Amino acid sequence: MKFNVNDLVRKNIQSLKPYSSARHEFEGEASVFLDANENAFGSTLHENFNRYPDPLQWQLKFQLAKIKGVPAENIFIGNGSDEVIDLAYRIFCNPAKDNVIICPPTYGMYEVSGNINDVEIRKVNLTENFQLNVEGIMQACDANTKLLFICSPNNPTGNNLNRADIEWLLNNFNGMVIIDEAYINYSAQKSFIAELTEYNNLIVMQTLSKAWGLAALRLGLCFASLDIINLFNKVKPPYNINQASQQLGFEALQQTLQVNEWIRVTVEEREKLSEQLQGFLFVEKIYKSDSNFILIKVKDANKLYHYLCTQAVVVRKRNTEPLCEECIRITVGTPEENSRLIELLKKYKD
């Protein structure tokens, strides 16, 4: 589908004059910085921590571009994917007027961020086999529907959503389609970032928190057309990614061999753990996973959860989510952690 993205953008955002720092406006190489009221003597922590960071994180983006095969200009980096989600609401959704569609069970921040921004959330549950209800999504739309959030592989179910369904929605949904690929590294499914030139209503989110092991740095990735990336840069705080995160993120992106090995072991352990869980009578169902976690249905989710807590093992209760009655989500740990979990489950009395 081809349409003018600006038709979806809030009028106040279209006319917004963004904050611009002197560092942003300066062109060329400077040796003396007297523009930002920084401490000129330095920092007790690091030689350049007294200076504000690159507001557009170009060094990090250029390295990401090499890995992802996407031009650096088509990348936005957020303070976690949660910032990307929040900015999407602020760019496209008028409070108390517009609405978005989410497909539970799914990542909870889509709804929380909508509530914070006073935007109506319309829920179209996944089908019983955890796939998109395409007909239901289209029926839920009206003239004020601005965003559709799709998580694939989905959290908390772990499975890939049908690619043909997503492509149909990209061609027929009259708004922005945001595909959250936080767990794509653990999946055999192809990323939608290769489709950016085909769909101008497509936003793809990824993260360095999962496979790259950088959850503490809060580096969420957004891939989209240049028009959309410009809108994100227009609305974001001037220095949303701190210097430490930029430096450490850049260093981590040099370690692709290590990351690929972690992914390989995680997928191997996921299959091994799924097989072992089948041996317990209190486990009623193990859902197929394309991510780094497994959703299981048990006889009594609360009881099992509290038992594991007493053994200093934390898992995630998902039994209050739609279609997830008596379900628990288990992250795939190291081989040693997974073995400890299995040994504890052998002692569990249901």
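The values are calculated or read from the model by the stated rules, or taken from the named source; none is laboratory data. What you see is a predicted model, and the numbers here were worked out from it, not measured in a lab. Cβ: placed from backbone, ideal geometry, glycine included. Neighbour counts: every protein chain shown.
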Quick one: in the range 179-208, which of the residues that are in a helix (DSSP H, G or I) and among the aromatic types (F, W, Y) is surrounded by the fewest Cβ atoms within 10 Å (Cβ to Cβ)? Y186
What number of residues in the range 32-58 are under 27 Å from N74 (Cα atoms), out of contact with any strand residue (DSSP E or B) (no Cβ under 6 Å at 6 or more places or on another chain) and in a loop (DSSP other than H, G, I, E, B)? 6
Can you pull out the residues in the range 249-265 that are surrounded by 15 or more Cβ atoms within 10 Å (Cβ to Cβ) and assigned to a helix (DSSP H, G or I)? G249, F250, A252, V259, W262, I263
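Yes/no per residue for (1) surrounded by 13 or more Cβ atoms within 10 Å (Cβ to Cβ); (2) under 24 Å from N4 (Cβ atoms); (3) touching a residue at least 12 places away in the same chain (Cβ under 8 Å):
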{"position": "A36", "(1), (2), (3)": "no, no, yes"}
{"position": "N50", "(1), (2), (3)": "yes, no, yes"}
{"position": "N99", "(1), (2), (3)": "yes, yes, yes"}
{"position": "C103", "(1), (2), (3)": "yes, no, yes"}
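Output the residues belonging to the range 198-218 that are over 19 Å from S291 (Cα atoms) and among the aliphatic types (A, V, I, L, M).
Across the range 198-218, the qualifying residues are L202, I203, A216, L217.
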Taking the range 10-31, which residues are at pLDDT 90 or above, farther than 17 Å from L56 by Cβ and either in contact with a strand residue (DSSP E or B) (Cβ under 7 Å, 6 or more places away or on another chain) or part of a loop (DSSP other than H, G, I, E, B) (or both)? R10, S15, L16, K17
Filter pass, N233 being assigned to a helix (DSSP H, G or I) and either of a type outside the set (G, A, S) or surrounded by fewer than 16 Cβ atoms within 10 Å (Cβ to Cβ) (or both): yes
Give E275, E268 a once-over and let me know the one that is closer than 20 Å to P153 by Cβ, of a type in the set (D, E, K, R) and exposed (fewer than 12 other Cβ atoms within 10 Å of the Cβ). E275
Restricting to the range 278-302, give me the number of residues that are of a type outside the set (K, R), part of a loop (DSSP other than H, G, I, E, B) and within 25 Å of the chain's Cα centre (by Cα). 5
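For every residue, the table says whether it meets (1) more than 24 Å from N159 (Cβ to Cβ); (2) more than 20 Å from the chain's Cα centre (by Cα).
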site	(1), (2)
V70	yes, no
V84	no, no
N94	yes, yes
V100	no, no
M109	no, no
N129	no, yes
M138	no, yes
Exactly one of D142, D118 is on the phi > 0 side of the Ramachandran plot, surrounded by fewer than 22 Cβ atoms within 10 Å (Cβ to Cβ) and either at pLDDT below 95 or not assigned by TED's automatic domain parsing to the domain that holds T266 (or both), and that one is D118
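To keep it simple, each residue is scored yes or no on (1) more than 27 Å from C151 (Cβ to Cβ); (2) free of Cβ contacts under 8 Å to residues at least 60 places away in the same chain; (3) of a type in the set (F, W, Y); (4) not assigned by TED's automatic domain parsing to the domain that holds F130.
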{"position": "Y287", "(1), (2), (3), (4)": "no, no, yes, yes"}
{"position": "D290", "(1), (2), (3), (4)": "no, no, no, yes"}
{"position": "A301", "(1), (2), (3), (4)": "no, yes, no, yes"}
{"position": "V332", "(1), (2), (3), (4)": "no, no, no, yes"}
